[in-house]
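Each reported figure results from applying straightforward, stated rules to the coordinates on display, with no laboratory input. None of these values were measured; they are calculated from a predicted model. Cβ sites come from the backbone with ideal geometry, for glycine too, and all protein chains shown count toward neighbours.
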Amino acid sequence: MIHRSICVLALAAPVAFFVVRSTTQAPVQVETTRSEAASTANSFDALLAGPTAASLQSAEDTVAPAGTWQVEGGGINRARMTASTPVIAGPLEKTITIDPGGELEAEPIFDQETLVTVRSNSKGQKILQLWNLETGRPLGGEKTFDTSARIAPCFVDGELVVRAEDDTIEVHRLSGNGLRRIDRIREKDVVMGHPLLVNDSVVVPMGDSLVRRDVRVNDPVWKVEGAFRGHVAFSDGKIYAVDYDATSGMCRLAVIDFATGEVKGRHAVGRGAGGVPELPGEDRVTARGLLAFVQTEKPLGVSGGIKSNSVGIDLSKDPNAVTPAAILGSTFMTEAPAILGRGWLGFYDHPIEGEKLVATLSPPEGMGIRQPTRLSGKGWHQELLEHPQAPAFAREVSYFGGLAWDATTSRILWRQNELDGPTLYPCEKGVIAVRDGRSIEIWRPTRHIVEGDEVVPSAPPTEPGDGLLVLRDGKVVEGELRLRASERANEIELVGGSSTRRYLDRDSLFAALDDGTLLYAADTQALIDGLRRLGDRVELEALDKVLGLAAKSGDPKLMRKVLIQARRLRMEDLDELQEAYDEARKLDEPDISRRNLEKAEERFDEVGTARGELYWKAVESIWDDGEEVVDDWGDVVTRKLPRRQYRLLELVLDADPGFEPAREKLEELLPDEIDLPVGRGVVEWVEFAEVNAYHPVEIWWPTDGNADELTWEQDKLEEAQIGWRDDLTGYRSERIFIITPLKRPGGIARCMHLAEQLCDIMEGMFAGGTNERDLQPMVILLFETRMEYIEQSTKGDPASRSIIAQTAGVYTPSEKVSRLFLPDETDDGAWADMIETLLHELTHHWVDCRNERIPETDEPRTGRTFAQPGYWIVEGFASTTQFFLLDPFVGTYETVNPRGNRIDVIANARDDQLLPWKLLFRRPHNQLWSLSSHSFDQFPLTWTLGGMQQPGGVGLFYAQAATVSQYLYNADNGRRREQLYDYVINYYTSNEPMLSIQEAFGMSEDQLGKAAVDWAREVVAESLRED
């Protein structure tokens, strides 16, 4: 007896698949991302997940903040990871080129506004120069340091620390258009190493010790004896530094508590030759979570006769063990790797296997050695080895070799030939490219003005006022501005002096007065970017009112917060506050003035409010209430605003979540049952409000258990509570009912909107049905975590747990329920896969429950179709809609996705590697399992890294079925679509004579298969030409 049937789509991009049978003999179709042999090694989710939540949370604190590259290696942990927003779509265009005047000493470092470069002059001195990242122009004059050694700058929160001379460390602060020295650390005749700036402290090797000294404080906080060399790192509250034992020659990784200077241990790395290197040395440490890397100038004897300059260290091992703690899989790296949770990404030059790019996963405790996964090497993606530059990450996306690679999915997001040579560094909304070590280029996504989206207030001010004008060439103009509107074009007048300059709208991006009065914006994005720029100015003015009070408060915590924000905004005249802060942090018991502290905190709270008020003034000048949305009874349930209005509400509430006028507007757009949260969580409700305007949503909660009669919704909620949890909420639109404990309205709304658009598409495909169906909304159980999803999806089938654990979605026909979980909001790659999962499972769900061309039946459909031929159409058709690229707000969608993994598999496989087409088309559901033993070869993919793909027999079944279905839908302008729809109907109604390929499509099985393969190869080849 068929007990349960599950159709599952994996979280990451599907390439290979498993099939298992439960203990109850229920068929379970499970799609995973990679081959059975390599599933553990290639799980990139685990690369990012890390060993423990605690260790990774603290490790995240030291990755480079968004838009910054603070020190060589990125953040002060040197893990080559930043919190910058990744660029997930190309093409990019070069906006600025900077010529530093010679070969760069090392990596450039930068924050969101300023770039720092170091080069040598003809005398061997070091020349440091600041550059404006917005204009590419130099800031102030060059600064010369009289040393031939590297000065190793570290740039954190507007402060720059450098090794100015062999015995001198200097700390400078960005001030106006240049640097001002604020501290000098010097010990006569004591050679200094390379400094690191951590929380207003400098950590630096000094002679025979490692020293921490607070900026502007003479006495060290602590000193640790040892022969420390090279570049140190900070992670998880600890300093990591290379230390040599002068007697044995052993190179060690010292782990030191940053706060106290207590040595937690010294991991043996390897035995060096030639004694202790001289200071400063170029050894370097990279640390994050439970992994560290040591790169040394001279090779170390690691283990078993291996000598290497690059060694990974497992920080979970005993730090005082005598034998080296090296991870053998880490040797032969050519650059410091990027560390991702429990693994790393980097280039190798193996003495036998040659050059390769490798991602490495640390398996769970007790599961053996780390397994390397080749992303590039001889025979696949070999072009990446032509310029093996160190990779760098913006969150989960890495840039190298002219492409962007998503570590959660292993997919290539974009590639650009012009960027395959330089080293790429993530900046906010773009990349910085260093070409040949001499030229610096800034590349950003191509900016297209949205025609017809210009913003002009209905009643602009008639009198000029001080304001800000941003031109399309990037130039920023300040002065008295006035808008003149005419039939020909809008003009922005710059009033002042002896003449008036006029800028037409075709020259301008944004214009507004300092008080927020809007004059003009070329489109919505220009409006938001311009308001943010204006917001910086008003925030500066508000912050200026805090400085004196904060200095008088005596509270070092408040002073530090104010200083950090002031430096971010490039404020000047911070000496008084800085001196007060330096004095306050020296005291064991700070002398706090309660009166001044309360006033300062009140003024500091007003800083965010000032920005919100400025934004709101601009919003009010162009507010449009949109159109009413009514229900079936003619009652107004909400309003549908122009899309720009929702983005502006998000802008205001992100600046000030408590801004009451914006909260009131938002409440008007939401169901009455919603109580808006306090804090930044309110911003997510804007997206919910937007979707609510397209598909009005009812909110449902379970009853208290005493109701005499339950509505359909209450019944489904209480049914879901059994064995799950009590804090569930139901969100019902016309055709979707989502049940979830999640408090993430934006993600819930996004799923609702996509699901409703899919229903529109499916109803268009199968229009004209006359069978009466019980068309209740499709039930989706949306889980809070992956673990909760696994637990709930395997309650009745524990044997499938290990397979379900690799997935993100499942539709169960016997229950008529789909189950999914939401990924992290910031993980674009995981969200893209989640959308594919949603579309795939809901296609199964819709065909099974809402297709009126299929009659209702009490018999489980899977039972009737289990032994008939043609099962390829079930997974093939769901895979067709899975790769549709939807835009639910516009209502459009693209039907060909050349980067979908299944079409990519077929485009790259040889004909003799595929399943025979006769076998594919005639295979029934109950014989799918035997395909797992089908032999196969390895081959690469075009749009996925991760080594040679091994799809296996079942994997090829899914990939070939998907490609045939996509071919029938898309090829020849869709002329075979009706035949495809009919085949779906014939399968689900068990019309076996019409499941013959010849009868259904007028082609032999081999002819249809060949046509689908030829089409797939052309689609993928064309995508490379377009990219």
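For the set K475/K545; K264/K317; K238/K317; K188/K298, the pairs lying more than 23 angstrom apart at their alpha carbons are K475/K545; K188/K298. Between S120 and V678, how high is the FRET efficiency from 1/(1 + (r/R0)^6) when r is the Cβ-Cβ distance and R₀ = 45 Å? Nearest 0.05. About 0.25, to the nearest 0.05.
Within the shell of other residues whose beta carbon sits under 11 angstrom from the beta carbon of S965, the net charge comes to +2, with Lys and Arg scored +1 and Asp and Glu -1.
Compute the Cα gyration tensor for the stretch 754-912, then decide on rounded, prolate or oblate, letting a ≥ b ≥ c be the square roots of its eigenvalues: rounded whenever a/c is under 1.5, prolate when a/b is larger than b/c in the other cases, and oblate in all that remain. In terms of gyration-tensor shape, rounded. In the chain, helices alone account for a calculated mean residue ellipticity at 222 nm of -9000 deg cm²/dmol, with every DSSP H run of four or more residues adding -39,500 (n - 2.57). Loop-resident trypsin sites (Lys or Arg not before Pro) (DSSP state other than H, G, I, E or B) in the stretch 742-841 with no more than 14 further Cβ atoms inside 10 Å of their Cβ: K743, R773, K795, K816.
Projecting label points 7 angstrom from Cα along Cα→Cβ for E282 and R532 puts them 3.8 nm apart. Normalised by the number of residues in the chain, the average gap of Cα pairs under 8 Å and 6 or more apart makes the relative contact order 10 percent.
Over all other residues within a Cβ to Cβ distance under 14 Å of E734, the charged ones net out to -4, with Lys and Arg as +1 and Asp and Glu as -1. Calculated FRET efficiency, D911 to N973, Cβ-Cβ distance, R0 = 25 Å: about 0.40 to the nearest 0.05.
Quick one: plug the Kirkwood hydrodynamic radius of the stretch 465-621 (C-alpha pairs) into Stokes-Einstein at 10 °C, 1.306 mPa s, and report D in µm²/s. For the chosen part, D equals 91 µm²/s.
By the rule of a C-alpha distance below 25 Å, with chain neighbours fewer than 8 residues away ignored, the lysines paired with K816 are K716, K743, K795. If you take the Cα centroid of the stretch 490-555 and the Cα centroid of the stretch 613-686, the two points sit 24 Å apart. At q = 0.15 Å⁻¹, what is the log10 ratio I(q)/I(0) for the stretch 558-651, with the Debye formula run over Cα points and no solvent? Once normalised to I(0) and log-transformed, intensities are -0.77. Given their separation in residues at 0.36 nm each and the Cα-Cα distance between them, D625 and E572 gain 14.9 nm when the chain is fully extended. Let me know the shape class of the stretch 681-818, please: from the alpha-carbon gyration tensor, a ≥ b ≥ c as square roots of the eigenvalues, rounded when a/c is under 1.5, otherwise prolate if a/b is greater than b/c, or oblate. Rounded shape, in that the Cα axes give a/c under 1.5. Here the chain yields Rg over Rh of 0.98, to two decimals, using C-alpha coordinates and the Kirkwood radius. A crude spin-label estimate for the pair S990 and A273, with each label 7 Å from Cα along the Cβ direction, gives 7.7 nm. Residues of the stretch 562-590 with an amide N closer than 19 Å to a point placed 7 Å from the Cα of A259 along the Cα-to-Cβ direction: 585-590. Taking packing as the residue-averaged number of other Cβ atoms within 10 angstrom, the listed peptides 627-635, 660-668, 761-769 run from highest to lowest as 660-668, 761-769, 627-635.
Once the C-beta distance of S593 and D473 is scaled by a Förster radius of 56 Å, the resulting FRET efficiency is 0.65 to the nearest 0.05. Excluding same-chain neighbours fewer than eight residues apart, the lysines reachable from K918 by a Cα-Cα span under 22 Å are K1010.
Taking other C-beta atoms within 10 angstrom as a stand-in for reagent exposure, D453, D912 fall in the order D912, D453, fewest first. Taking 0.36 nm per residue of separation and subtracting the Cα-Cα distance, full extension of the segment from K561 to F866 would add 103.3 nm.
In terms of surrounding Cβ atoms within a 10 Å radius of their Cβ, L1024, L995 rank from fewest to most as L1024, L995. Multiplying the residue separation of E772 and A707 by 0.36 nm and removing their Cα-Cα distance gives an extension gain of 20.3 nm. The shape of the stretch 64-440 comes out oblate: with a ≥ b ≥ c from the C-alpha gyration tensor, a/c is at least 1.5 while a/b does not beat b/c.
Listed peptides 164-173, 899-908, 107-116, 218-227 appear in the order 899-908, 107-116, 164-173, 218-227 once ranked by packing, highest mean of other Cβ atoms within 10 Å at the front. In whole Å, what is the distance between the alpha-carbon centres of the stretch 370-403 and the stretch 195-253? What the calculation gives is 33 Å, centre to centre.
In nm, give the distance between the simple-model label positions of D727 and R506, each being 7 Å from the Cα along the Cα-to-Cβ direction. Taking the simple label geometry, D727 and R506 are separated by 5.8 nm. Listed by Cβ neighbour count within 10 Å, with the fewest neighbours leading, F145, F939 appear as F939, F145.
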